[in-house]
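Here the structure comes first, spelled out in structure tokens, and everything after it is commentary.
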Amino acid sequence: MKVLVIGSGGREHALVWKLRQSPRVTKIYCAPGNGGIADEAECVAADVKSLDSMVALAHQLQPDLTVVGPELPLMLGVVDEFTRRGWRVFGPTQAAAQLETSKSFAKEFLHRHHIPTAHYAICDSPEQVRDALPHFHTPIVVKADGLAAGKGVVIAKSKDEASTVANQMLSGRMLGEAGARVVLEEFLEGDELSFLVVSDGERVAPLVAAQDHKRVGNGDTGPNTGGMGAYTTPTIIDDQMRDWLLAHIMRPVVAGMKDEGAEFKGVLYCGLMMTARGPMVLEFNCRFGDPETQPILLRLESDLLEAMEASIDGRTSDGDFKWSNDSAACVVMASGGYPGAYEAGKKINGLAEAAQVEGVKIFHAGTSKRDEYSYTSGGRVLGVTARAADLETAVQRAYDACARIGFDGAHYRKDIAARALKKD
Ligand code: AMP
Ligand code: GLY
């Protein structure tokens, strides 16, 4: 079976690596892929911002299955278009993807279906922001409605700051179209959790939960990023909590989307804050998380392809995934300056030495390959991921590997999973 994976990040490297292990996969393409993916798949050029480009590529390659990594192609309707043409594709339609592509849609959906989430106000103008602000305590979370690659959320310490940020977003200066509408939100405190399921539009198959580290700096400081590292353990949540999340959040979301005529197939990613009032939904993504997918797939023992096909064919079941009892952690190595402006084209040293560390798998994100050497080509460069019988060892292995890798300006957080390790 020929599989085409769309995307070019660490998540897509992990998807390619795992899908290749399926005995039914005979050929795997990745569009456009990256320097590391090129070792495991045939990378083919494509513009993931253009539906026409993806259609032309699939027409040429004739894959038996297309797996969409990032959100943008889903927002453009790649699943709708491929399905219309009779091509098999894993992921949600454009309408279902609104759970991620419009934060106001997600908030109103949650409200309609009585699913716990932070208090909010949707604002289309500075006047609406001014009228809404008195109803909030500080800090206030200001979110751009549209897609902003993890950079559309600002936690404002004062109402003045919230007003300034919201108005900058609304003016289009900060994030373009994505900020034409903003959501103001109550600030929630607690531990964050990423809980993902695969759905066939009706049933769900849970993945193991993970925790991302969104801020760029140690101790959760500095601006938000796409994610600087993640971990997963068998005890990150207990069975009772998993069942609660399935019963009160994931299944009601899937049922609600079906009732509203926008059946959700594919990966439903729920970002949660585990507050003193119970779990609350922070956001949805309609795809695998990056970097959560890297450690999650290191623990997956069953066939990912089978679970994807079950989703497409409407036969998802609870037990579609089998997991190891190991823990896994991923440390993201980023370019100097990320999440702001950064330089690319730096030579990466030590990859082979790092890969020797027991239990380590290095997923490439922003890399390209020239004359046998890897060079940086993006903000998040590598997802150095390790598996071990316990979290402490997994984290240590990931950091041992990071210490062997060098490139000009490289930085990474030194405290991935540190809070979980302290609790043990
Ligand atoms: P989102 O894209 O909505 O998940 O927001 C990105 C990140 O901002 C989250 O992962 C949280 O770290 C933070 N965040 C979002 N909403 C809230 C909230 N209501 N309270 C506290 N932190 C939040
Ligand atoms: N790690 C957060 C995301 O994938 O959006």
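Just so you know, all these numbers are worked out from the coordinates, no wet-lab data involved. Just so we're clear, the structure is a prediction, and the values are computed from it rather than from any experiment. So basically every Cβ, Gly included, is an ideal-geometry build from the backbone, and we count neighbours across all protein chains shown.
Results, tabulated for the structure shown:
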read-out	value
C-alpha center-to-center spacing [the stretch 275-352, the stretch 191-248] in angstrom	9 Å
The stretch 315-424, relative contact order [Cα under 8 Å, separation at least 6], %	37 percent
Kirkwood Rh, Cα atoms: Rg over Rh of the stretch 174-294	0.97
Distribution of pairwise C-alpha distances over the stretch 357-419, 10 Å bins, in %	20, 51, 25, 4, 0
Most fluctuating residue given options 23, 139, 223, as computed from a GNM of the chain linking Cα atoms under 10 Å	23
Per-pair calculated FRET efficiency, R0 = 35 Å: residue 171 and residue 113 via Cβ, rounded to 0.05	0.60
Evaluated over the stretch 267-385, the Cα radius of gyration and Dmax, each in Å	17.7, 55
Percent of Cα-Cα distances greater than 18 Å, calculated over the stretch 312-372	59 percent
Within a Gaussian network of the chain (alpha carbon springs, distance under 10 Å), most fluctuating of 87, 17, 244	244
11 Å tail of the calculated P(r), the stretch 2-44, as % of Cα pairs	53 percent
Anisotropy class of the chain from Cα gyration tensor, a/c 1.5 cut	rounded
Within a Gaussian network of the chain (alpha carbon springs, distance under 10 Å), most fluctuating of 135, 364, 59	135
Qualifying trypsin sites (Lys or Arg not before Pro) for the stretch 259-330 [loop in DSSP, other Cβ within 10 Å: at most 15]	277, 315, 322
Viscosity 0.890 mPa s, temperature 25 °C, Stokes-Einstein D of the stretch 73-226 from Kirkwood C-alpha radius, µm²/s	143 µm²/s
Estimated [θ] at 222 nm from DSSP helical runs (n ≥ 4, -39500 (n - 2.57)) normalised by residues in the chain, nearest 500	-8000 deg cm²/dmol
The stretch 78-120: proportion of alpha-carbon pairs further apart than 17 angstrom, %	44 percent
Volume per residue of the C-alpha convex hull in the stretch 268-337, rounded to whole Å³	166 Å³
Kirkwood estimate for the stretch 208-259, i.e. one over the average of 1/r between Cα atoms, Å	13.2 Å
Per residue Cα convex hull volume in Å³ - calculated over the stretch 40-85	81 Å³
Cα principal axis extents for the stretch 1-108, largest first, Å	43, 28, 25
Förster radius 41 Å - calculated FRET efficiency between residue 53 and residue 373, Cβ distance, rounded to 0.05	0.90
Difference of contour (0.36 nm per residue) and Cα-Cα distance, residue 242 to residue 315	24.2 nm
Label-point separation in nm, residue 64 to residue 353, each point 7 Å along Cα→Cβ	4.3 nm
Relative pair counts by distance (%), Cα atoms of the stretch 88-153, 10 Å bins	17, 45, 30, 7, 2
Among 97, 31, 53 - extreme Cα towards positive end, dipole of the stretch 30-107, charges at beta-carbon	97
Contact order normalised by residue count of the chain, Cα under 8 Å, 6+ apart, percent	16 percent
